[in-house]
1. From the list V165, V201, exactly one residue is more than 19 Å from A118 (Cα to Cα), among the hydrophobic types (A, V, I, L, M, F, W, C) and touching a Leu at 6+ places or on another chain (Cβ under 6 Å). Which is it?
2. So, of the residues in the range 26-37 that are in contact with a Gly (Cβ under 9 Å, 6 or more places away or on another chain) and among the hydrophobic types (A, V, I, L, M, F, W, C), which turns out to be farthest from G76 (Cα to Cα)?
3. Tell me which residues, restricted to the range 43-87, are buried (at least 16 other Cβ atoms within 10 Å of the Cβ), more than 21 Å from V225 (Cα to Cα) and not aliphatic (A, V, I, L, M).
4. Out of F66, F73, F61, report the one residue that is more than 21 Å from F168 (Cβ to Cβ), among the aromatic types (F, W, Y) and out of contact with any Phe, Trp or Tyr (no Cβ under 7 Å at 6 or more places or on another chain).
5. Identify, by number, the condition in (1) among the small types (G, A, S); (2) part of a helix (DSSP H, G or I); (3) farther than 24 Å from S239 by Cα that A65 doesn't meet.
6. Tell me whether the range 151-164 contains one or more residues that are under 24 Å from G7 (Cα atoms) and either under 17 Å from the mean Cα position of the chain (by Cα) or of a type in the set (G, A, S) (or both).
7. Here are some conditions: (1) more than 19 Å from V4 (Cβ to Cβ); (2) touching a residue at least 60 places away in the same chain (Cβ under 8 Å). P135 meets all but one. Which one does it not meet?
Amino acid sequence: MKIVVTGAAGFIGSNIIKGLNARGIHNIIAVDDLTEGDKFRNLADLQIADYLDKDVFYELFAQNAFGKVEAVFHEGACSDTMESNGKYMMDNNYTLSCGLFNACQQSGTRLLYASSAATYGGSDTFVESPEHELPLNVYGYSKLLFDQRMRLECHNNFKKFKRQVVGFRYFNVYGPREQHKGRMASVAFHQFNQFNAEGKVKLFGEYGGYAQGAQMRDFVFIDDVVAVNLWFLDNPDKSGIFNLGSGRAQPFNDVALSVVNAMRVNKGEAALDLTGAAKAGLIEYVPFPDALRGKYQCYTQADLTNLRASGCDHVFADVQTGVTQYMATLSQ
């Protein structure tokens, strides 16, 4: 089985390769842009058959230069929600994806691609349906437009595609191999570094009708994201656009407390409750930044109805479990 992973040196892409390797699958073509050379670290311990720069891959793939490819995991994209260059965003996230889709359909290759919960933006309902899709930035729009294109191509019936097409609306993913993402890395990653540097973690204060640290997101552990991707690889008859979150909204306070307690326990210190951690100065609340006002999702929670209806019954980790495991990995 030959597999292509775009965005292969990125966070989700490299973890998908790790998951494929664990199954004994090594015939993998990794595609990325290593201008940021340090991203090589995400590939260094993995087994792949070949590496291509994204600037040459897409044209070659459209020419069927790689022979029979079973599936493409398309994780390559600009994922910076603060990026304001719409032309750059649309070229990377929409135009390239459309070309890849066409090539996959012509060659009989399955396409499993990264969408995003950013497609919902200002909505308070997270169901894979147009009336709930209100992106707040050009990143979210670029992802939504490709989802819309897929719906148009199959007249809203994904079963009509020649080969499997699956879009995953990722919610707030966290876990190992995200260290290169800078400001777009997860809250848990930044708080790990904050705690090591300052002995405390920082959260946004009151905003959007939520108390300090009480804004809620659907935080999903990377191992769960990989497991669901591979479930669809195992089930080629399942197509569609699916939410990929835990189905459980938890406050940022839960993430901060899980980070603090994991670090304390690692040092032989007792775990604290939220009040105790705040009183001890281990959690600090900072004013909500003006740059994010009107562009920030205060609440997300994946509706998993469609995912469950597909037959995928994967059990997702809660924040306490996933973050504790992540902190142990980062502390090694």
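Coordinate-derived values only; no laboratory data. Nothing here was measured: the structure is a model prediction, and the numbers come from that model. Heads up, the Cβs are rebuilt from the backbone with ideal geometry, glycines too, and the neighbour counts pull from every protein chain shown.
1. Details: V201 fails: touching a Leu at 6+ places or on another chain (Cβ under 6 Å).
None of the others qualify; the one that does is V165.
2. If we filter the range 26-37 for residues that are in contact with a Gly (Cβ under 9 Å, 6 or more places away or on another chain), which is where we start, we get 30-33.
From what is left, the residues that are among the hydrophobic types (A, V, I, L, M, F, W, C) are 30-31.
Details: A30: 11, V31: 8 Å.
This residue is A30.
3. Y51, K54, F57, Y58, F61, F66, E83 - these are the residues of the range 43-87 that are buried (at least 16 other Cβ atoms within 10 Å of the Cβ), more than 21 Å from V225 (Cα to Cα) and not aliphatic (A, V, I, L, M).
4. On the way: F73 fails: more than 21 Å from F168 (Cβ to Cβ); F61 fails: more than 21 Å from F168 (Cβ to Cβ).
The match here is F66.
5. Here A65 clears every test but (2).
6. Within the range 151-164, not a single residue is under 24 Å from G7 (Cα atoms) and either under 17 Å from the mean Cα position of the chain (by Cα) or of a type in the set (G, A, S) (or both).
7. If we test P135 against (1) more than 19 Å from V4 (Cβ to Cβ); (2) touching a residue at least 60 places away in the same chain (Cβ under 8 Å), just (2) comes out false.
Each row is one residue, and each column tells you yes or no for (1) β-branched (V, I, T); (2) in contact (Cβ under 8 Å) with a residue 40 or more places away in the chain.
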position	(1), (2)
T119	yes, yes
D124	no, yes
S129	no, no
S142	no, yes
R149	no, yes
N157	no, no
K160	no, no
R163	no, yes
R169	no, yes
